[in-house]
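**Q** Before I ask anything, here is the structure I am working with.
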Amino acid sequence: MTYQNVPITLIDTAGIRRRGRIEPGVEKYSVLRALRAIERADVSLLLLDATAGITSQDAHIAGFIQEAGKSTVILVNKWDAIVKDTNTMQDFTRQIRQELKFLDFAPILFISAKTGQRVDQVLPLALQVQEERLVRLPTSRINAILQQAQERHPAPSHGGRQFKFYYGTQVRNDPPTFILYVNDPHLAHFTYMRFLENRFREAHQFLGTPIHFVLRPRR
């Protein structure tokens, strides 16, 4: 289809069960097709059922999306079927962020396919996320982020040695990938890299899009 002068291919995948419940034959083939569709996609629309909550199957599919490095929009369908008060949307959002922590960069849209509520916002949001996927930061800005991060919160020492950044550059987009030259990649701790990712997202949101870091020792 063409939407707002942009050519788009929409792929509707079959449902995916947990690996232990996949049966041979047609179902197994449908799972393989769905995984290939995720690999093909630039932006994945992860559809949740508001009446069922977040299931292990949802988390399983989300894991495939994350492993493939795809941008994501989380859609909560059947929102019309939920009895709501002033905190319902906020509570459901909190639950999603807790259960799918590894997709905390993904925007969440509460929709109803039955009534059409917010359905018209799905494609514009997906296109916005796709634009974020193609963002390229100038090297000067990347190094300013690194310097500010180290000044704000120096990395803890390990065995008397402290993890340090020297400089960085963006080597690709789709998704945004940065090479960071450091004193020793083995000194990098997950929590500090998470802190660094948050500093990058403060500088630019990268809405719905994963960002990748590659650590290299400075020669």
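The values are calculated or read from the model by the stated rules, or taken from the named source; none is laboratory data. Predicted, not measured: the structure shown is a model, and the values here were computed from it. Here Cβ is always computed from backbone atoms with ideal geometry, including for glycine, and neighbour counts include all displayed protein chains. SASA here: full protein model, heavy atoms, side chains in, ligands and nucleic acids out. Shrake-Rupley method; radii C 1.70, N 1.55, O 1.52, S 1.80 Å.
**Q** Please go through region 76-103 and pick out each residue that is closer than 24 Å to M1 by Cβ and β-branched (V, I, T). Before the answer, list the steps.
**A** Narrowing region 76-103 to residues closer than 24 Å to M1 by Cβ: 76-77.
Result: V76, single match.
**Q** To continue, here is another question. Which residue is farthest from the chain's Cα centre (by Cα), if the candidates are limited to region 178-197 and must be open to solvent by 10 Å² or more (accessible area, probe 1.4 Å) and within 15 Å of R141 (Cα to Cα)?
**A** I179
**Q** Please give the strands (runs of 3 or more DSSP E) falling wholly within region 104-219 in which 2 or more residues are under 30 Å from P7 (Cα atoms) and in contact with a Ser or Thr (Cβ under 8 Å, 6 or more places away or on another chain). It would help to see each step written out before you state the result.
**A** Details: elements: 108-110, 165-172, 177-182, 212-217.
Because the criterion is at least 2 residues that are under 30 Å from P7 (Cα atoms) and in contact with a Ser or Thr (Cβ under 8 Å, 6 or more places away or on another chain), the strands (runs of 3 or more DSSP E) in region 104-219 that meet it are 165-172.
**Q** May I pose another question? Confirm whether G168 is closer than 28 Å to T72 by Cβ, in contact (Cβ under 8 Å) with a residue 24 or more places away in the chain and in contact with an Asp or Glu (Cβ under 7 Å, 6 or more places away or on another chain).
**A** On the way: closer than 28 Å to T72 by Cβ: yes; in contact (Cβ under 8 Å) with a residue 24 or more places away in the chain: yes; in contact with an Asp or Glu (Cβ under 7 Å, 6 or more places away or on another chain): no.
Answer is no for this residue.
**Q** Still on this structure, please answer the following. Under 8 Å by Cβ, and 6 or more places apart or on different chains, what pairs join a residue from region 150-161 that is over 10 Å from A188 (Cα atoms) and of a type outside the set (F, W, Y) with one that is assigned to a loop (DSSP other than H, G, I, E, B) and open to solvent by less than 70 Å² (accessible area, probe 1.4 Å)?
**A** If the second residue must be assigned to a loop (DSSP other than H, G, I, E, B) and open to solvent by less than 70 Å² (accessible area, probe 1.4 Å), the pairs left are R161/N183; R161/D184.
**Q** Test T93 against the criterion of being of a type outside the set (K, R) and outside any helix (DSSP H, G or I), and give yes or no. So that I can check it myself, show each step before the final result.
**A** Numbers: of a type outside the set (K, R): yes; outside any helix (DSSP H, G or I): no.
Considered against the rule, which asks whether it is of a type outside the set (K, R) and outside any helix (DSSP H, G or I), T93 comes out as no.
**Q** Mind listing whichever residues of region 74-110 are more than 29 Å from R33 (Cβ to Cβ) and either in contact with a Gly (Cβ under 8 Å, 6 or more places away or on another chain) or surrounded by 15 or more Cβ atoms within 10 Å (Cβ to Cβ) (or both)?
**A** D80, M89, F92, Q95
**Q** Out of all the residues in region 147-183, which are farther than 20 Å from V135 by Cβ and among the basic types (K, R)? Don't jump to the end; show me each part of the working.
**A** The initial filter retains those residues of region 147-183 that are farther than 20 Å from V135 by Cβ, namely 147, 150-166, 181-183.
Once the filter is applied, which keeps residues that are farther than 20 Å from V135 by Cβ and among the basic types (K, R), region 147-183 yields R152, R161, K164.
**Q** Could you identify the single residue in S140, S71 that is open to solvent by 40 Å² or more (accessible area, probe 1.4 Å), closer than 30 Å to Q170 by Cβ and of a type outside the set (V, I, T)? Show your work before the answer.
**A** On the way: S71 fails: open to solvent by 40 Å² or more (accessible area, probe 1.4 Å).
Only one candidate qualifies: S140.
**Q** Residue under question is I65, and the condition is that it be at pLDDT below 95, part of a helix (DSSP H, G or I) and among the β-branched types (V, I, T); does it hold? Working first, answer last.
**A** Working: at pLDDT below 95: yes; part of a helix (DSSP H, G or I): yes; among the β-branched types (V, I, T): yes.
Against the criterion (at pLDDT below 95, part of a helix (DSSP H, G or I) and among the β-branched types (V, I, T)), I65 qualifies.
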